[in-house]
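The block underneath contains the structure these notes are about, expressed in structure tokens.
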Amino acid sequence: MSHLYQAVGWNRQKRIYDFTLLGVVLLAVSVFGAITALRHPGTTAEMFLIRFTSVTAFLLLHVTLAIGPLSRLVPRFLPLLYNRRHLGVTLAVMALIHGVLTIFQYHALGDRNPLVSVFTAYGNDYLSPLSDLRSISRFPFEILGFLALLVLFLMAATSHDFWLRHLGPRTWKRLHQLVYAAYGLIVAHVLLGVLQAERSPVFPILLGTGFVALMALHLAAAAKERALDRRASELAGEGFEKVAYVRDLSENEGRVVVAGGKRFALFVRDGRLFALSNVCRHQGGPIGEGRIVNGCITCPWHGFQYKAEDGCSPPPFDEVLETYPLRMVGTAVFLSTQALPPGTKSEGVPVPESRPVEKMEFYIGWQARMAPALARRLRAAVIPAAVSIPMIIAMIVWFQNPVDRGRYEFGVVKSFEGVIYETPIPRLRLEAADGTTVDHILVGAGKFGVKTLIAGAHGHRVKFDGSLIVREPFRMIEMNRPETFTIVDQGAAPSPDEDVSSLGKGKFTGELVDTKCWSGVMRPATGKVHRACAIRCLSGGVPPGLLVRDGSGDGVVFMLAGPEGEALNYDIQLAGTFIEVSGMLELHGVTPVLRVDSIQSVR
């Protein structure tokens with residue numbers, strides 16, 4: 001509400017601000033979608049949203065953090081500060097969508113509550129850097145993003161002035177300075193997460209550029225403030241300090257001065273000079289950088305107003321600024337740092353040879369229209385910045401890792417009939433029309449195996465409904481309709497050596513993967529960002545595999561089993577990491593199975 005007792009609604013300038021923000025987001029999602037369809041056509045809808053919301057939120061966070069120091073360095077950016085919380089709420093919503101989708105994608109549908117899994121999936125990886133600094137790369141990055149999301153949500157939820165009034169400006173401001181903690185958490189989240197999976201140098205370059213740019217802006221703004229604080233103040237008279245000269249003052253325009261190590265605001269109104277506190281009672285804004293609008297001193301940050309003669313806000317508001325005595329000696333202005341009693345009315349000090357009233361370009365958010373010249377200069381700065389966000393997003397999505405080749409027929413249920421094998425890996429052998437046979441690894445719905453479901457059916461002909469998962473030549477069936485599982489013919493169980501050929505003993509190095517996600521359910525299916533899902537899948541009984549790649553990057557997955565064909569006993573915390581496995585390699589039909597003698601972690 002302004003001093004005219006009119007509610008500050010969604011006025012013209014707010015609409016321009018919000019529609020510009022909405023337009024940038026829509027343009028960004030269009031660019032992201034178009035390039036994703038061109039470069040990564042196999043990307044699922046969930047993965048698209050996870051990637052888009054994370055990139056957009058991170059870019060908006062940089063913009064939000066840049067507005068403050070930009071406003072200190074270049075006053076034309078002050079109008080952006082008025083509605084900065086709109087940017088903050090938007091990035092918090094984007095971050096929330098990203099967080100919810102990633103928790104569901106990687107931690108849900110398993111053997112543990114998704115939120116519990118976020119904190120517990122990685123076991124000892126929290127403490128491993130204490131004993132080996134090289135293991136810092138394995139530190140659970142998800143928890144850092146989760147904590148940052150809590151901070152962003154808290155800031156968005158308390159952004160309204162209702163919380164400012166009840167918490168008090170100082171407490172509220174300190175609470176919202178946690179955004180810098182959130183930024184640090186997100187940078188660490190990116191460094192320990194996606195940057196360990198993406199191979200293009202574009203990503204660390206962009207991250208470093210954004211960090212350096214923000215640091216440079218904040219350091220430049222801090223240097224400007226320190227320079228102001230270092231201005232020498234000369235003692236004169238009884239407790240008064242010389243702070244300015246008449247030539248430094250302009251009618252209706254504030255000036256910040258320093259006395260006794262503190263900042264004060266000087267204003268000339270109707271040829272008389274007044275001194276007040278420089279700290280706005282709303283959010284601590286710099287009163288001396290404001291202007292007199294409609295007869296009231298107006299803070300440049302959010303338009304809070306005060307009367308020059310007594311520091312009181314116009315009714316019905318009750319905020320009060322301290323006022324201070326002034327003396328004029330020739331053209332020199334002297335100020336006492338001893339405040340007058342609150343609300344004391346002053347006649348001010350006449351200012352000789354004051355400048356004529358000037359039409360200053362000064363704008364705050366509740367005014368109906370921005371000064372034309374200021375609007376033009378602001379557009380000249382904002383439009384290129386707004387266009388650069390979709391351009392950066394285009395660069396990011398263009399250089400992202402290609403989507404792994406795999407097909408998950410989600411929602412497509414087919415009927416399958418064949419001979420089932422429980423050991424060494426649960427699989428179904430199907431007969432093709434030409435008489436050949438093809439083995440399909442069996443998994444359950446979500447992040448579970450089928451050991452309990454198929455128990456006792458080894459060697460029998462069975463029939464059930466499920467969904468196909470294919471990553472040639474690897475084939476898998478998700479038994480997502482367990483109620484349809486029936487035994488058609490109780491045939492004799494095949495001997496252990498039937499259709500099995502030994503390829504000899506060996507030692508292999510590769511990545512421990514859960515075969516369901518690698519075969520096509522999760523894309524991309526390998527790397528650091530996949531570990532949480534792999535841990536949940538392996539914990540739920542999905543068969544483990546060893547992904548071994550050649551020099552060109554092509555790879556094959558060996559199914560892992562115990563030495564006698566039993567289920568493998570291993571540490572699921574190794575999921576998504578490189579291990580060295582030794583054992584007997586066999587070919588069961590067309591399925592390579594490695595009977596494991598030993599597993600060692602490769603650091």
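Since every read-out is calculated from the coordinates, none of them should be taken as a lab result. Because the structure is predicted, anything quoted here is derived from the model rather than measured. Don't worry about glycine lacking a Cβ; one is built from the backbone with ideal geometry, like all the others, and counts go over all protein chains shown.
Which residues make up the longest stretch of the chain that has no GluC sites (Glu not before Pro) in a DSSP loop with at most 13 other Cβ atoms within 10 Å? Walk me through the numbers on the way to the answer.
Working: sites that count: E238, E347, E353, E358, E498, E564, E566.
The longest uninterrupted stretch comes out as 1-237.
Going down the table (K505/K528; K224/K345; K262/K307), which pairs top 23 Å between alpha carbons?
K505/K528; K224/K345
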Proxy exposure order for F410, F264 (fewest C-beta within 10 Å first) is F410, F264
If the cut-off is 25 Å between C-alpha atoms, which lysines fall inside it for K463, apart from same-chain ones fewer than 8 positions away?
K414, K447, K451, K516
What are the DSSP H helices in the chain that stretch 18 Å or more along their long axis, judged by alpha-carbon atoms, and whose average Kyte-Doolittle hydropathy comes to at least 1.6?
141-157, 179-192
Under the definition of Cα pairs under 8 Å and six or more residues apart, what whole-number percent is the relative contact order of the chain?
12
Grab the beta carbon distance between D18 and A197, set R0 = 30 Å, and tell me the FRET efficiency rounded to 0.05.
0.30
Labelled set (1) 3, 14, 24, 28, 20, 8, 2, 1, 0; (2) 3, 14, 20, 17, 13, 11, 8, 6, 4, 2, 1, 0; (3) 3, 17, 28, 28, 17, 6, 1, 0; P(r) over Cα pairs in 10 Å bins from 0, in percent computed from this model equals the value at (2)
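Can you tell me, using C-alpha contacts under 8 Å and at least 6 residues apart, the relative contact order of the stretch 234-350 as a whole percent?
With pairs under 8 Å counted, the relative contact order is 25 percent.
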When only DSSP loop residues count, what trypsin sites (Lys or Arg not before Pro) in the stretch 309-389 have their Cβ near at most 12 other Cβ atoms within 10 Å?
K345, K359, R369
